[in-house]
Amino acid sequence: MDHINCLFNPCSIAVVGASHTEGKIGHTIVKNILDCGYTGSVFPINPAGGEVCGLQAFKNIDEIPDPIDIACTVVPARLVHDAVLACAEKGVKYNLIITSGFSEIGNIEEEKKLVHTARAHGMRIIGPNIFGLYSADASMNATFGPANITPGSVAIITQSGALGLAMIGKTAVENIGLSAIVSVGNKCDIDESDLLEYLIQQQRTKVILMYIEGIKNGVRFIHSLKKATRVKPVIVIKSGRSARGAAAAASHTGSLAGADEIVDAILKQCGALRADSIAEAFSWCTYLAHAPEPATEQTVIITNGGGVGVMATDACERYEIPLYNDSEALNDIFAPVTPSFGSTKNPIDITGGATAPEYSQALDAALNHNKIGAAMALYCETAIFPARDLEQMLEETSRRFDERGRPVLFAAVGGEDLEDAIARLRRKNVPVFPDVDQAVACMGKLFEHYRQRRYRSDTFEDSVIDTKAIDAVTAEARATGRSFLSAGESRAIMQIIGIRMPASCIARSLDEALERCSDVGYPLVMKVVSPDIIHKSDAGGVALDLNNSDEVIDAWQAIMQRCQEHLPGARIDGIELNSMIEPGVETIIGARRDPVFGPIAMFGQGGIYVEVMKDVSFRALPLNRLEILRMMKQTRSYPLLLGVRGEAKKDIEGVLETIIKIGALVRAIDYISDIEINPLVVFEENAGVNALDVRILLATQGKDPS
Ligand code: COA
């Protein structure tokens with residue numbers, strides 16, 4: 001966006017629907033703009049003319065002689081289109097449409113009309129259905145929220161207007177200064193990705209907080225979010241953690257990929273910090289807006305209470321904070337400031353007898369040691385060290401850590417005096433929290449943010465896909481509107497992209513099966529081939545470990561009978577004979593086209609219990625090896641690939657390669673909606689992998705035969 005800067009720093013604002021009546025939204029907006037100290041020009045528009053908040057009101061926007069950067073539209077929905085047209089013709093650059101009553105209540109066509117009219121004149125729209133925008137740079141409060149917003153360094157983008165207004169009030173209570181707050185409402189034109197692009201480069205903003213309900217253009221969102229988190233922390237509250245009904249999905253990848261699992265994985269992949277509550281998000285915001293980058297993550301806990309020390313240690317594990325554990329060095333550093341009955345093992349327990357100066361010395365000892373990157377000081381209120389002594393000590397210590405660019409934070413537990421002291425300290429930006437877990441979480445999030453900045457790579461690996469060959473294999477299926485590929489077609493595709501499958505053939509009759517057994521080789525596996533049966537095991541359509549022709553005869557009859565019982569009338573084209581391969585670790589690998597985020601990949605524990613175990617992880621494609629490995633490590637079963645109980649390590653590289661190949665396939669062929677290999681059997685290192693079963697679904701209007 002060329003001039004989005006002027007949205008946050010406009011030279012002139014017109015309020016269309018500026019009401020003469022105090023208390024009306026159109027009046028409040030004019031009042032808030034003036035009260036906040038905005039120095040640009042403000043033009044109220046009202047057909048009755050007169051004055052609004054002491055300013056001359058224009059009857060029409062085209063009567064204003066000056067150019068207008070932004071308009072706030074506050075007329076009832078039925079009048080909005082004409083107002084938008086008038087603004088667009090006037091050359092307004094941005095229109096903040098406060099008015100409700102559009103797509104959020106099903107009035108979609110009217111909303112589209114607004115965008116169409118605005119685009120035709122190069123005007124951009126925020127909203128409709130928003131509370132407005134505040135920008136500290138311009139001292140502009142063009143909202144109908146609270147009048148007094150404290151300027152600061154946290155920018156908030158919110159989809160929920162009411163929650164946004166409430167957050168303005170809450171930030172004041174929590175002493176969080178805002179650099180900007182903007183509601184995106186129905187996002188008919190400008191969305192959070194556009195705003196992120198601006199906030200990334202805006203000096204004043206140190207942390208971005210986003211409240212999101214739904215994402216429209218996921219691919220663009222991923223791009224902007226990745227860009228933003230390279231520069232500053234982005235904290236996201238995404239509501240709607242509950243699972244989406246995925247009943248319609250015919251692949252495991254589809255049914256396991258509840259909307260929230262995907263969002264969660266993608267936020268992590270993009271380096272964003274996901275908060276579950278506003279309280280959590282606000283405490284991370286306050287800390288991350290001021291804390292310096294840690295030179296090393298080696299952390300010490302200093303405490304005057306053993307119990308809180310243990311709690312903090314547990315929390316450190318949860319938030320992946322490494323505790324400095326060189327016991328010799330710890331003893332050298334802390335023995336001079338720790339009583340003999342205390343502990344110099346991390347957490348450093350300077351005991352309940354510690355006074356403010358002793359506490360301060362211990363923290364300085366940590367500050368003066370280069371191998372210690374960060375310190376967390378825990379305080380339990382005692383008679384020897386009352387809250388009044390703490391206040392000054394924390395303020396001074398915090399300043400010394402700040403001067404040296406070293407992260408520190410404090411958790412203090414005690415009575416009323418202490419709570420008051422905490423409130424005063426927080427107003428001075430001293431990072432002190434009334435709860436151990438809250439404090440440790442903040443440090444954990446600081447580390448998480450800088451860690452992803454240091455180690456995340458957004459390059460990706462691809463493999464070349466012979467699209468012509470794939471088109472030829474799928475031609476018949478596409479021509480007949482089939483929504484899935486047959487076993488034979490899927491096998492052909494695996495061969496084209498270079499994924500190994502066991503030797504196999506399809507027998508149309510028992511006689512043919514008996515004839516072909518020796519070509520495939522014993523022991524062998526038999527699987528039903530039917531356009532009506534997708535989940536073969538569920539239908540009893542699979543028989544394993546068959547060692548001679550008698551067993552093949554029995555299995556043939558059993559499969560036919562079970563499948564007919566499972567799905568009477570199912571069309572059965574024959575039975576596939578596969579050579580039975582060596583045992584290995586069974587994984588599942590999938591790739592699919594998510595309606596919001598585009599192509600995504602899945603990895604997890606494979607076999608017939610995938611949906612029971614639900615041990616899977618996701619990432620947005622394309623990916624590089626590092627990110628694929630992270631996705632794999634996120635599953636509980638990953639250690640199986642490393643080899644457990646003396647087993648040899650498995651061919652992790654083979655899994656990586658397979659994920660890259662099927663990721664490239666889904667990205668290159670847009671009519672493939674889902675591809676899933678289950679199980680992908682992983683052998684010992686360098687022995688490769690083998691895809692035992694492959695399912696490929698096509699994006700057609702056809703009905704899934706599951
Ligand atoms: N151009 C400019 N002003 C016009 C106008 C026009 N074409 N037509 C009417 N007006 C004036 C009206 O005369 C009135 O001024 P007045 O009070 O001095 O007479 C003013 O615009 C407002 O119009 P009114 O009909 O009184 O509407 P309202 O103030 O009751 O409601 C909205 C307007 C936009 C606030 C309301 O329709 C709405 O959408 N409310 C919900 C807003 C919301 O919650 N947004 C989401 C937040 S998260």
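The values are calculated or read from the model by the stated rules, or taken from the named source; none is laboratory data. No experiment lies behind these values; they were computed from the predicted model shown. So basically every Cβ, Gly included, is an ideal-geometry build from the backbone, and we count neighbours across all protein chains shown.
Going through segment 39-49 one residue at a time, which ones are surrounded by 17 or more Cβ atoms within 10 Å (Cβ to Cβ) and either within 38 Å of the chain's Cα centre (by Cα) or near the ligand (Cβ under 7 Å from one of its atoms) (or both)? Even if it seems obvious, please write down each step before you answer.
Residues of segment 39-49 surrounded by 17 or more Cβ atoms within 10 Å (Cβ to Cβ): 42-46.
Residues satisfying the conditions are ILE45, ASN46.
Does segment 121-135 include one or more residues that are more than 16 Å from the ligand (Cβ to nearest atom), crowded, with 24+ Cβ neighbours inside 10 Å, at pLDDT 95 or above and among the hydrophobic types (A, V, I, L, M, F, W, C)?
In the first step, residues of segment 121-135 are kept if they are more than 16 Å from the ligand (Cβ to nearest atom); the result is 121-124, 135.
Checking the rest, the ones that are also crowded, with 24+ Cβ neighbours inside 10 Å come to 123, 135.
Of the ones still in play, those that are also at pLDDT 95 or above are 123, 135.
From what is left, the residues that are among the hydrophobic types (A, V, I, L, M, F, W, C) are 123.
Looking for residues that are more than 16 Å from the ligand (Cβ to nearest atom), crowded, with 24+ Cβ neighbours inside 10 Å, at pLDDT 95 or above and among the hydrophobic types (A, V, I, L, M, F, W, C), one finds at least one in segment 121-135, hence yes.
State the number of residues belonging to segment 5-15 that are in contact with a Pro (Cβ under 9 Å, 6 or more places away or on another chain) and outside any loop (DSSP other than H, G, I, E, B). If you could, list the steps in order and put the result at the bottom.
We begin by selecting, within segment 5-15, every residue in contact with a Pro (Cβ under 9 Å, 6 or more places away or on another chain); these are 11-12, 14-15.
If we keep only those that are outside any loop (DSSP other than H, G, I, E, B) as well, we get 12, 14-15.
Residues in segment 5-15 being in contact with a Pro (Cβ under 9 Å, 6 or more places away or on another chain) and outside any loop (DSSP other than H, G, I, E, B): 3 in total.
How do the pairs read when you match residues in segment 544-564 that are over 22 Å from PRO679 (Cα atoms) with residues anywhere that are surrounded by fewer than 19 Cβ atoms within 10 Å (Cβ to Cβ) and among the aliphatic types (A, V, I, L, M), using Cβ under 6 Å and keeping only pairs 6 or more apart or on different chains?
Qualifying pairs under 6 Å: SER549/LEU514; TRP556/LEU510.
If we only count helices (runs of 4 or more DSSP H) wholly inside segment 346-440, which ones have 2 or more residues that are farther than 23 Å from PHE334 by Cβ? Let's see the steps before the verdict.
On the way: elements: 356-367, 387-403, 416-427.
Once the helices (runs of 4 or more DSSP H) in segment 346-440 are filtered for at least 2 residues that are farther than 23 Å from PHE334 by Cβ, what remains is 387-403, 416-427.
In segment 62-98, how many are buried (at least 21 other Cβ atoms within 10 Å of the Cβ), near the ligand (Cβ under 8 Å from one of its atoms) and either among the charged types (D, E, K, R) or part of a strand (DSSP E or B) (or both)?
Selection size over segment 62-98: 1.
One line per residue, one yes/no per condition, for (1) more than 30 Å from ILE156 (Cα to Cα); (2) touching a residue at least 60 places away in the same chain (Cβ under 8 Å); (3) more than 9 Å from the ligand (Cβ to nearest atom); (4) out of contact with any helix residue (DSSP H, G or I) (no Cβ under 8 Å at 6 or more places or on another chain):
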position	(1), (2), (3), (4)
ALA14	no, yes, yes, no
HIS20	yes, no, no, no
ILE29	no, yes, yes, yes
ILE33	no, yes, yes, yes
GLY37	no, yes, yes, yes
GLU51	yes, no, yes, yes
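For segment 268-282, which positions are touching a strand residue (DSSP E or B) at 6+ places or on another chain (Cβ under 7 Å) and at pLDDT below 95?
Quick first cut of segment 268-282, residues touching a strand residue (DSSP E or B) at 6+ places or on another chain (Cβ under 7 Å) only: 269, 272-275, 278, 281.
Answer for segment 268-282, where residues must be touching a strand residue (DSSP E or B) at 6+ places or on another chain (Cβ under 7 Å) and at pLDDT below 95: just ILE278.
I'd like the full set of residues that are surrounded by fewer than 24 Cβ atoms within 10 Å (Cβ to Cβ) and within 16 Å of the ligand (Cβ to nearest atom), limited to segment 172-185.
Those that are surrounded by fewer than 24 Cβ atoms within 10 Å (Cβ to Cβ) and within 16 Å of the ligand (Cβ to nearest atom): none in segment 172-185.
Answer with yes or no whether LYS24 is near the ligand (Cβ under 9 Å from one of its atoms) and either more than 24 Å from PHE102 (Cα to Cα) or surrounded by fewer than 21 Cβ atoms within 10 Å (Cβ to Cβ) (or both).
Values: near the ligand (Cβ under 9 Å from one of its atoms): yes; either more than 24 Å from PHE102 (Cα to Cα) or surrounded by fewer than 21 Cβ atoms within 10 Å (Cβ to Cβ) (or both): yes.
Yes, satisfied.
Go through segment 629-676 and give me each residue that's part of a loop (DSSP other than H, G, I, E, B) and of a type in the set (A, V, I, L, M, F, W, C). Lay out the reasoning, then the answer.
Quick first cut of segment 629-676, residues part of a loop (DSSP other than H, G, I, E, B) only: 634-638, 643-649, 651, 669-671.
Scanning segment 629-676 gives VAL644, ALA648, ILE669.
Please name all residue pairs, on different chains or six or more residues apart, with Cβ atoms under 7 Å, provided the first residue is in segment 133-162 and is among the acidic types (Asp, Glu) and the second residue is surrounded by fewer than 24 Cβ atoms within 10 Å (Cβ to Cβ).
That search, which allows pairs on different chains as well, returns ASP137/ASN9; ASP137/ARG204.
Among the numbered criteria (1) within 12 Å of the ligand (Cβ to nearest atom); (2) touching a strand residue (DSSP E or B) at 6+ places or on another chain (Cβ under 6 Å), which single criterion is violated by GLY101?
Exception for GLY101: condition (2).
If I ask for residues that are β-branched (Val, Ile, Thr), within 11 Å of the chain's Cα centre (by Cα) and modelled with pLDDT of 95 or more, which ones from segment 205-231 would you list?
The one that is β-branched (Val, Ile, Thr), within 11 Å of the chain's Cα centre (by Cα) and modelled with pLDDT of 95 or more: ILE222.
Conditions (1) buried (at least 23 other Cβ atoms within 10 Å of the Cβ); (2) assigned to a loop (DSSP other than H, G, I, E, B), marked per residue:
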{"residue": "GLU261", "(1), (2)": "no, no"}
{"residue": "ASP264", "(1), (2)": "no, no"}
{"residue": "LYS268", "(1), (2)": "no, no"}
{"residue": "ASP276", "(1), (2)": "no, yes"}
{"residue": "GLU280", "(1), (2)": "no, no"}
{"residue": "PRO292", "(1), (2)": "no, yes"}
{"residue": "ALA295", "(1), (2)": "no, yes"}
{"residue": "VAL300", "(1), (2)": "yes, no"}
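Of (1) at pLDDT 95 or above; (2) part of a loop (DSSP other than H, G, I, E, B); (3) exposed (fewer than 14 other Cβ atoms within 10 Å of the Cβ), ASP2 satisfies all except one. Which?
(1)
Go through segment 578-610 and give me each residue that's of a type in the set (Gly, Ala, Ser), over 16 Å from the mean Cα position of the chain (by Cα) and closer than 22 Å to GLU261 by Cα. Break it down stepwise before answering.
Going through segment 578-610, the residues of a type in the set (Gly, Ala, Ser) turn out to be 579, 584, 590-591, 598, 601, 604, 606-607.
Now drop any that are not over 16 Å from the mean Cα position of the chain (by Cα), which leaves 579, 584, 590-591, 604, 606-607.
Residues satisfying the conditions are GLY590, ALA591, GLY604, GLY606, GLY607.
Within the bounds of segment 617-628, is there any residue that is closer than 15 Å to GLY604 by Cα and in a helix (DSSP H, G or I)?
yes
Kindly provide the set of residues from segment 428-470 that are free of Cβ contacts under 8 Å to residues at least 60 places away in the same chain and surrounded by fewer than 21 Cβ atoms within 10 Å (Cβ to Cβ), ordered by number. Reasoning before the result, please.
Initial filter on segment 428-470 (free of Cβ contacts under 8 Å to residues at least 60 places away in the same chain): 428, 430, 432, 434-435, 454, 466, 468-469.
Within segment 428-470, LYS428, PRO434, ASP435, ARG454, ASP466, LYS468, ALA469 qualify.
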